[in-house]
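The values are calculated or read from the model by the stated rules, or taken from the named source; none is laboratory data. Only a predicted model underlies this, so the values are computations on that prediction, with no experimental measurement involved. Positions of Cβ are backbone-derived with ideal geometry, glycine not excepted, and every protein chain shown enters the neighbour counts. Protein only, heavy atoms only, side chains kept; ligands, DNA and RNA dropped before computing areas. Shrake-Rupley method; radii C 1.70, N 1.55, O 1.52, S 1.80 Å.
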Amino acid sequence: MTLRFFGGVEGEVGGNQILLQDGETRVLLDFGYNFSKWREYFSFPTSMPRSLDEYFEVGLLPSELRDEETGRISGGLEGCFITHAHTDHWRGISALASQEEGGPTVYLGETAHRILMMRGERLRGCDSISHLWFETFRTGRKIRLGELEVVPFHVDHSIPGAYALLIHTTRGLIVYTGDLRLHGSYSRKMRRQFWETLEEPVEALICEGTNVGEVHTVLTEGDVRRLGERYVRASSGLVLVNLSPLDVDRLRTFHRIAEATDRRLVATSYFMEYLRALEGERLRLPSPEKGEVLEYREGEQEELRRDPSSYILLTAFYRWREIQEVRPPPGSVFILSTSEPFEEEAEIEFRRLMNWLNIYGIQATQIHTSGHAFPEDLRRLVRLIEPKRLIPVHTAHPSSFGKLVSDILAEKQIEFIEPKRGQTYEI
Ligand SMILES: [Zn+2]
């Protein structure tokens, strides 16, 4: 049995592309693009790639897996498993061959499938995913493919429908965490965590390490709620919140804050689209149908202007247009409830937003917790799972991950493998 890594390694946070082969059976574990790398060559919407060739050319897709005839990725793949719907874990699937061309079935959670279908409608040309065949799963389902049995298990992350994969191979059990955290509001409610169900030794643990070697907050989702509520209560004007519409924990948090502080949620149409797509998924989200969240319509902001202290306005991607339209009065506040911009382009956008906030004297603060496990939780996880091999992915500091757990590695005789791009690892 072998593992081969094409992305999400050598310091890349995101863009995981892992090939697992057992005998004749080959599957992909996630197939995303690393977006920092994407932006080095392309930009939205002016310089979009025109063909898959360009993706292969710049190294965002592995040429080793490309089929000469179709120009797509098939390579005898039986399945492609997507752990969750963050783009850095799935956007590369547009390059997969269709089933008619000998390409794999794409397996993913039901909620993730809904999100992909919604996003997929907007993807054009070489980014389109309409030629693919999808099969969905929920926790408990076992998927047999040749020599393999893949068991997806729900984990807590900053998006609904995230899974770890437990893969039974002829050489034993391989565990891939996907992205996960142990400090979210959902983490504590989960009846069982995947590491409590492992009945055989883990041959290899492929583990995310996003927060390793970075400055990370120690706030939990509960802390975000308490701090957020206190801050909103103290504001006498409009409260603006920047967050991701896919971070459903955070949406619930601000819904509860709105209830506790007698304010109503208003969201941009971009947000509403996600809320409508996820309605009925039993996620306990504020419902547009029931009027628990109102849609912000351009040019219809009189009510927000007249009575700003009765509202919380949700926005995404450092948007400033609504701020300019509403002209929030003194006493209004802005809450950044996402991570700080960590790329040049995002930094420029964020600066622009700050400039608009400063025009109106709106004060900004960050209240946020990470979607990824704290380093101390990763130590706990490695100790609990006690794998024979530990392979870090999705981290800017893979060596530091080894140092972080070096005492556990020595004590439990765990081999640490820092994966290199394209290299094959025999298990
Ligand atoms: Zn993620």
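Pairs linking a residue in segment 86-112 that is among the basic types (K, R) to a residue that is within 16 Å of the ligand (Cβ to nearest atom), with Cβ atoms under 7 Å and 6 or more positions apart or on different chains, are R91/G32; R91/Y33.
Checked against the criterion of being within 16 Å of the ligand (Cβ to nearest atom) and either in contact (Cβ under 8 Å) with a residue 40 or more places away in the chain or not assigned by TED's automatic domain parsing to the domain that holds V232 (or both), segment 379-391 has no qualifying residue. Consider segment 92-118 and keep the residues that are out of contact with any strand residue (DSSP E or B) (no Cβ under 8 Å at 6 or more places or on another chain) and over 20 Å from P152 (Cβ atoms). The one that is most open to solvent (accessible area, probe 1.4 Å) is E100.
Going by what's in this entry, would E303 be described as more than 20 Å from R230 (Cβ to Cβ), of a type in the set (D, E) and touching a residue at least 24 places away in the same chain (Cβ under 8 Å)?
It is false that E303 is more than 20 Å from R230 (Cβ to Cβ), of a type in the set (D, E) and touching a residue at least 24 places away in the same chain (Cβ under 8 Å).
Only residues that are of a type in the set (S, T, Y) and more than 18 Å from Q324 (Cβ to Cβ) were counted across segment 268-307, and they come to 2. The one condition from (1) surrounded by fewer than 16 Cβ atoms within 10 Å (Cβ to Cβ); (2) touching a strand residue (DSSP E or B) at 6+ places or on another chain (Cβ under 7 Å) that R144 does not meet is (2).
Listed by position, the strands (runs of 3 or more DSSP E) contained in segment 319-401 that have at least 1 residues being surrounded by 17 or more Cβ atoms within 10 Å (Cβ to Cβ) and in contact with a helix residue (DSSP H, G or I) (Cβ under 8 Å, 6 or more places away or on another chain) are 333-336, 389-393. When segment 167-182 is filtered for residues that are open to solvent by less than 10 Å² (accessible area, probe 1.4 Å) and away from the ligand (no atom under 16 Å from the Cβ), the ones remaining, listed by number, are I167, L173, I174, V175.
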